[in-house]
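First up is the structure itself, then whatever we jot down about it.
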Amino acid sequence: MKHILFTLRECNPDLLNDESFIRDMLTTAAKSARSTLLGIQSHKFSPQGVTAIAMLAESHISIHTWPETNEAVCDAFTCGNHTDPHEAFSHMKAALESRRWVYETIKRPIA
């Protein structure tokens, strides 16, 4: 199991506020991570911001955006040797035009 928690900073605020873009980005991020996408659920807030989750056969990728501060808080959690959540992270930071980011890889215990 691999779990990455990351915050993307100095992102393009227009992209952070575009629900359709966020959904498409998660679809591509799941493919980048070599995961099986089961579906995406999202919500556009008023006046701004998007929350979305990609449900994967291997777990999930999530994003919560704050266009007013140009930030997104995200995670990518996958299981299986064939997946790589770092690829989802790389795709998302590039897609949102992030100029700064922080991340932490969490070692998840196996029962």
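Please treat every number below as a calculation from the coordinates, not as lab data. On a predicted model such as this, the values are computed, not experimentally measured, just so you know. Every residue, glycine as well, gets a Cβ built from its backbone with ideal geometry; the counts of neighbours run over all protein chains shown.
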Fill in the blank from the handout: Note, T7: beta-carbon cut-off 12 Å, +1 each Lys/Arg, -1 each Asp/Glu, net -1
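From the P(r) of the chain, could you give the percentage of C-alpha pairs in the tail past 17 Å?
Details: 2882 of 6105 pairs.
In whole percent, the share of Cα-Cα pairs in the chain beyond 17 Å is 47.
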Practice task
State, to one decimal in nm, how far the label point of N81 lies from the label point of L5, with both points 7 Å from Cα in the Cβ direction.
Solution key: 2.9 nm
Exercise for the section: Obtain the nm distance between the two label points defined at K44 and R108 by a simple spin-label model: each point lies 7 Å from its Cα along the Cα-to-C-beta direction. Expected result: 3.1 nm
Exercise for the section: Go through T78, A95, L16 and say which Cα lies farthest out towards the positive end of the charge dipole of the chain; charges sit on Cβ, +1 for Lys and Arg, -1 for Asp and Glu. Expected result: T78
Completion exercise
In degrees rounded to 10, the 0-90 angle between helix 85-95 Cα long axis and the longest Cα principal axis of the chain is 20 degrees
Practice task
Could you go through segment 44-61 in sequence order and give the Karplus-derived ³J(HN,Hα) for each residue, using 6.51 cos²θ - 1.76 cosθ + 1.60 with θ = phi - 60°, rounded to whole Hz, and x for Gly and Pro?
Solution key: 9, 8, 10, x, 7, x, 9, 10, 8, 9, 9, 8, 10, 4, 8, 2, 7, 9
Handout entry: R0 of 22 Å, Cβ-Cβ distance T36-V73: FRET efficiency to nearest 0.05
Key = 0.35
Fill in the blank from the handout: Per the rule of 0.36 nm per residue minus the C-alpha distance, extending A57 to F21 adds in nm 10.7 nm
Exercise for the section: May I ask for the angle, rounded to the nearest 10°, between helix 19-32 and the longest principal axis of the chain, with both axes built from Cα atoms and the value confined to 0 to 90°? Expected result: 20 degrees
